[in-house]
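Peer 1: One structure is given below, represented as C-alpha cells, and several questions about it will come after.
The values are calculated or read from the model by the stated rules, or taken from the named source; none is laboratory data. Quick caveat, the model's predicted, so the values are computed rather than measured. A quick note on method: Cβ atoms are made from the backbone with ideal geometry, for glycine too, and the neighbour counts reach across all protein chains shown. Protein only, heavy atoms only, side chains kept; ligands, DNA and RNA dropped before computing areas. Shrake-Rupley method; radii C 1.70, N 1.55, O 1.52, S 1.80 Å.
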Amino acid sequence: MSIWIIFKLLGSLALLMFGMKAMSEALQKMAGPQLRHVLGAMTTNRFTGMLTGMLVTASVQSSTATTVMTVSFVNAGLLTLAQAISVIMGANIGTTLTAWIMSAGMSFDITAAVYPAFFIGIILIYQKRYRYIGDFLFGLSFLLLGLGTLRATGTEMHLGENQALLDFFASFDPNSFLTTLVFLLLGGILTFCVQSSAAVMAITMILCSSGALPIYQGIALVMGENIGTTVTSNLAAMSANTQARRAALAHMFFNVFGVVWILFVFRPFIDMVCGWVGYDVNMVKETAGATAFLANAAKLTFVLAAFHTSFNVANTFILIWFIPQIERFVCWVIKPKKVDEEEDFRLHFITAGFMKTPELSVLEAQKEIQAFSDRMQRMFGMVRELLVLSSSNNNKKDSQAGDFNKLFTRIEKYEGISDNMELEIAKYLDSVSDAHLSDETKAKIRAMLREISELESIGDACYNMARTISRKYNGKQDHFIEKQYDHMHQMMDLTNQSLSEMNRLMGGRKESFDVNRSFNIENEINNYRNQLKAQNIIDINNHEYTYAVGTIYMDLINECEKLGDYVVNVVEARMGTRQR
C-alpha cells in the first residue's frame, strides 16, 4: 500500500468530517432559533419528547446540538431532567440518518452530482438571502465528495484481496464472544480518538463492503462507536454544571444498556436485519464466486445503517418506560455540589468544552446573562436592607454594627462577582463570535455585550450606594430625618420595580413584553428625582437638616436614577430598540 493511497484515505476522511460539520452548522443557522422554541414547546410527555429529539437531530444532523439545547432548557427550568432524557433518546434515533446518507454515498457513485451542487452553492453563498442554503449545499457536497473518494480509495486498495488484512481478521474466531468484545472496544477507542463516529462508521463501511471485514465484527465496531461518542460527551461535561453531567451520563447509560442487551441476542438480531436488507450471511467467496460475493458484500453498508437504526429504535422502545428510574439513577450517581449558589462565582450555564455548536452557544450565554441580571437585583435588595440597618438610632448602633459590616462586605463581594461575570461572559461571546454565524446571531451577540456592560454598571451603582450609606453610618454627620428615609425608600421601590421588569424580560420572550412599562417607570424615577432635588434645597434653607446630610441624601437619590437609566439600557439592548 503506497503512502499516496494512505494520504488519499486520510484526506477523504477529513473531507467527510468537514462536510458533516459545515452541513450541521448551516442547518443550525437556518433552523436553530425555531428549533429551540419547538424543543421547549413539544416535550409535554416522554413520547413527544422522544419524537421532538428525533426530528430536531435529523434536522440539524447533530445529536450534540440537540443535547446542548436540551441541557440548557433543563438548567433554565423549562424542561425536567426526565423530559430531557426522552429528548436524548430521540436524538439517538435521529442521528442514525447520517448512517443512511453515508451508506447511499458508499453504494452509488455520487461524485458526478457533487460538482453542480458546488456551482449552485457558490452562487447562493453570494446572495445574502440564500447564503445558508449555499453553506448547506457546500457542506453536503464536501460530505458526498469525501464519501465518493473514500469509496474509490477503498476499491483502489483492493482490501478484499489484501491477504495480510484478511489474515488479520481471520485470526479472530468469528463465533467467539471475546472477538465481539474486542471489536466493540476497538470501535469505542477509535471513536474516542478520532472524535467522530461518522468517520469510524465510514471506515467500517469500507472494510465490510470490500469483503475484508465480516459483518458480525463490523457491527461490533458500530456498537463500540455508540459508546465511544458518549465517553467524549461525558469527559466534556466534567467541567459543566450538575444537570449537564447528569444528561451526559443518561446518554451513556442509554447506549451502554443497549449494547449489553444486544450482546445476548447478537447473532439472531443481526441475522434478522440482514434478512430485511437481503444480505446472505452464509455466502462465502470460494463457493459463490468473486462477483456474486462482492455484490452481496456491497449491501453491507445498508446492513450497517439498518442495524444502527433498528438498535436505537429497539433500545428506545425498551428504555422509554423506565425514564423515572434512569432519572433517579443519574441523580444518585451525580449529586449537586454543596456550595452557596448565591455566593459562589461560577458560570453555571456556560461551560468549557461542552458547547460545540456556535449558533446554540448563544442560548447558553443568554441564560448566563439572565442569572447575572437576577444577581444584580439581589444586590440591590441588600442595599435596601443596608439602608434599613443604617436607620437604627445611636442606642442600637453598637449591637447592630456587626450585621451592618457583614452585609456591606457581602455587597462588596457581589461587586467583584459582577466584574468577573462581565469579563467571563464577554470572553465567551468573543470566542463564539469567531465562528461563522448568521446575521441574527451576530446581532444577538452585539446586544448581549451591551447588556452585560449595563448590568455591570448596575452593580457599580449598587456598590456606590452601599459605600455612601456606610460613610454616613460610620461618620459623624447628623442622621437622616424621617421624611428623607421615606423618600429614599419610595425611590428604591420604584428602582426595584424597574429591575423586576428587566428580569421579567430577561427570563421570558421579548415578543410578549410590554416595553412601555419600563419606560414609564423610568419617567417616574426621573420626575421624582427632580421633585426631591427641588425639595432638598427648600429643606436645607429651612434648616430641617444640614447641607452635608442633604448632599449624601441626594447622592443616594441620584444613584438610584442612574441605576434606572442602566436598567432601561439593558431593556433596549434586549429588545433591539432605542425608543428614548
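Peer 1: Using a 1.4 Å probe on the protein heavy atoms only, what accessible surface does Asp135 show? Give it in Å² to the nearest 10.
Peer 2: Rounded to the nearest 10, that gives 40 Å².
Peer 1: Would you mind checking region 11-30 for residues with the amide N under 20 Å from a putative spin-label position 7 Å along Cα→C-beta of Ala152?
Peer 2: Label zone hits: 11-20.
Peer 1: For Trp100 and Tyr547, calculate 0.36 nm times their separation in residues minus their Cα-Cα distance, and state this gained length in nm to one decimal.
Peer 2: Details: separation 447, 0.36 × 447 = 160.92 nm, distance 8.06 nm.
Gain in length upon complete extension: 152.9 nm.
Peer 1: If you take the beta carbon distance between Ala113 and Lys413 as r and set R0 to 56 Å, what does 1/(1 + (r/R0)^6) give as a FRET efficiency, to the nearest 0.05? Intermediate values should be presented prior to the final figure.
Peer 2: Details: r = 62 Å, r/R0 = 1.10.
E(calc), rounded to 0.05, equals 0.35.
Peer 1: Mind checking which of Tyr553, Gly576, His543 is farthest towards the positive end of region 539-580's charge dipole, using Cβ charges of +1 (Lys, Arg) and -1 (Asp, Glu) about the Cα centre?
Peer 2: Looking along the dipole axis, the top candidate is Gly576.
Peer 1: Could you sort the peptides 491-499, 3-11, 405-413 by per-residue average Cβ neighbour count (10 Å cutoff), highest mean leading? Walk me through the numbers before you get to the answer.
Peer 2: On the way: 491-499: 20.8, 3-11: 12.4, 405-413: 15.7.
Descending packing order for the listed peptides: 491-499, 405-413, 3-11.
Peer 1: Could you sort 516-522, 89-95 so that the peptide with the highest average Cβ count within 10 Å comes first and the rest follow in order?
Peer 2: Values: 516-522: 17.7, 89-95: 26.7.
Taking the mean over residues of other Cβ atoms within 10 Å, the ranking is 89-95, 516-522.
Peer 1: Ordered by packing density, taken as the mean number of other Cβ atoms within 10 Å over each peptide's residues, highest first, how do 374-384, 208-218 rank?
Peer 2: Numbers: 374-384: 19.5, 208-218: 22.3.
With the highest mean Cβ count within 10 Å placed first, the list reads 208-218, 374-384.
Peer 1: Kindly sort Trp261, Trp100, Trp276 by accessible area of their heavy atoms, largest first, with the probe set to 1.4 Å.
Peer 2: Numbers: Trp261 50, Trp100 100, Trp276 165 Å².
Largest accessible area first, the list is Trp276, Trp100, Trp261.
Peer 1: On to the next question. From the protein chains alone at 1.4 Å, what is the descending order of accessible area for Ser453, Ser171, largest first? Don't skip to the answer; put the middle values down first.
Peer 2: Details: Ser453 50, Ser171 85 Å².
Descending accessible area places them as Ser171, Ser453.
Peer 1: If you add up the charges near Asn520, with Lys and Arg at +1 and Asp and Glu at -1, over every other residue whose beta carbon is less than 11 angstrom from its beta carbon, what do you get? Spell out each step's value before the answer.
Peer 2: Numbers: positive: Arg517; negative: Glu501, Asp514, Glu522, Glu524.
That works out to -3.
Peer 1: Also, quick follow-up: How much length, in nm to one decimal, is gained on full extension between Ala292 and Asn527, taken as 0.36 nm per residue of separation minus their Cα-Cα distance? Don't skip to the answer; put the middle values down first.
Peer 2: On the way: separation 235, 0.36 × 235 = 84.60 nm, distance 8.96 nm.
The span from Ala292 to Asn527 would gain 75.6 nm if fully extended.
Peer 1: So what's the net charge close to Ser500: Lys and Arg +1, Asp and Glu -1, counting the other residues with Cβ under 15 Å from its Cβ?
Peer 2: Details: positive: Arg375, Arg378, Arg384, Arg504, Arg517, Arg574; negative: Asp374, Asp493, Glu501, Asp514, Glu522, Glu524.
Surrounding charge for Ser500 is 0.
Peer 1: Still on this model: Quick one: of Lys128/Lys444; Lys335/Lys413; Lys21/Lys367; Lys533/Lys562; Lys128/Lys442; Lys335/Lys406, which pairs are farther than 20 Å apart, Cα to Cα?
Peer 2: On the way: Lys128/Lys444 18 Å; Lys335/Lys413 27 Å; Lys21/Lys367 25 Å; Lys533/Lys562 14 Å; Lys128/Lys442 15 Å; Lys335/Lys406 31 Å.
Result: Lys335/Lys413; Lys21/Lys367; Lys335/Lys406 exceed 20 Å.
Peer 1: Here is a further query. With all protein chains present, calculate the accessible area of Tyr130 using a 1.4 Å probe and round the result to the nearest 10 Å².
Peer 2: About 90 Å², rounded to the nearest 10.
Peer 1: Continuing with the same structure: Determine, from the Cβ-Cβ distance of Phe177 and Asp374 and an R0 of 56 Å, the FRET efficiency 1/(1 + (r/R0)^6), rounded to the nearest 0.05. If you can, show how the numbers build up before the last one.
Peer 2: Details: r = 55 Å, r/R0 = 0.98.
Efficiency for this residue pair is about 0.55.
Peer 1: In the full protein assembly as shown, how much of Tyr528 is accessible to a 1.4 Å probe, in Å² to the nearest 10?
Peer 2: The accessible area comes out at roughly 20 Å².
Peer 1: Taking all protein chains together and a probe of 1.4 Å, list His479, His251, His489 from the most accessible to the least accessible. Working shown, then result.
Peer 2: Details: His479 85, His251 20, His489 60 Å².
Greatest to least solvent exposure: His479, His489, His251.
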